[in-house]
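Just so you know, all these numbers are worked out from the coordinates, no wet-lab data involved. Every value quoted in this text rests on a predicted model; they were computed, and no experiment measured them. Cβ atoms come from the backbone with ideal geometry, glycine included; neighbour counts cover every protein chain shown.
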Amino acid sequence: MNKYLKNLNRIEFVVTMACTGRCKHCSQGEHKSSENINKTSAANAVRKIAKEYNIQSVMTFGGEPLLYPETVCEIHKAAKEMKIPYRQLITNGYFSKDFEKLKLVAQKIIECGVNDILLSVDAFHQETIPLEYVKAFAKAVNESDVRLRVHPAWLISPESDNPYNNKTRVILDEFNQMGIESSEGNVIFPSGNALKYLSEYFDLSTEHKSPYWEDPKDVRAICFGANGDIIGGNIYKQDISEILLNYTP
């Protein structure tokens, strides 16, 4: 086992950078790439990593991961097979305008082993994403035992009084009335589109530390890019076990 990864307990997958939203708060920018990770390679990576490390959670996100529901399902099937207890999906809930498809995909991800869903809903997402489709997806999921929460992005802080946060609170209340609870959400980091469109709200004279920063000498979570990249390697070019074994900060 690699000493720099001895506490590794979480695997994350950017299923694709393609997205159905065009959010001005997105730290990743314009999401122009439509690349998506290979489902078989991703699932096999989960199995191999879980054999060597005490993995407690697997997360799939994007972009919009449910543009590729089969990939999401293969990853979480592997996680369930390896008895990884926490299997999370982050989605904006808008991957089709076909209400029957929204329901069908909801059923598939529930059956494949996803047991915690964070639904990205807030003033920023809803500038370009119609709520009617998101609510239809949420209703289908909420009829199961899978934990479902709306997961908003807050500008400055959850307590901050600004037009975006005020609109987010109104939207969250609509979902709360459907019996769907809210997570703490996350605070927007000034990068990508957020820096481009919302710079007036940030104090750019101070350093902003990314909430996703990992200590390279004590890695707890690893994240696969949609192109297969992972901590200095790529699963299409090298076996994941070899990549992890040879990792150095």
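Annotations
Results for (1) closer than 22 Å to residue 16 by Cβ; (2) touching a Pro at 6+ places or on another chain (Cβ under 7 Å); (3) basic (Lys, Arg), shown as yes or no for each residue.
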residue	(1), (2), (3)
172	no, yes, no
175	no, no, no
178	no, no, no
191	yes, no, no
194	yes, no, no
229	yes, no, no
242	no, no, no
246	no, no, no
249	no, yes, no
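- Helices (runs of 4 or more DSSP H) contained in region 7-112 and holding at least 2 residues without any contact (Cβ under 8 Å) to a residue 12 or more places away in the chain and surrounded by fewer than 22 Cβ atoms within 10 Å (Cβ to Cβ): 99-112
- Lone unmet requirement of (1) touching a residue at least 40 places away in the same chain (Cβ under 8 Å); (2) assigned to a helix (DSSP H, G or I) for residue 129: (2)
- Note on region 72-108: residues that are touching a strand residue (DSSP E or B) at 6+ places or on another chain (Cβ under 7 Å) and charged (D, E, K, R) total 2.
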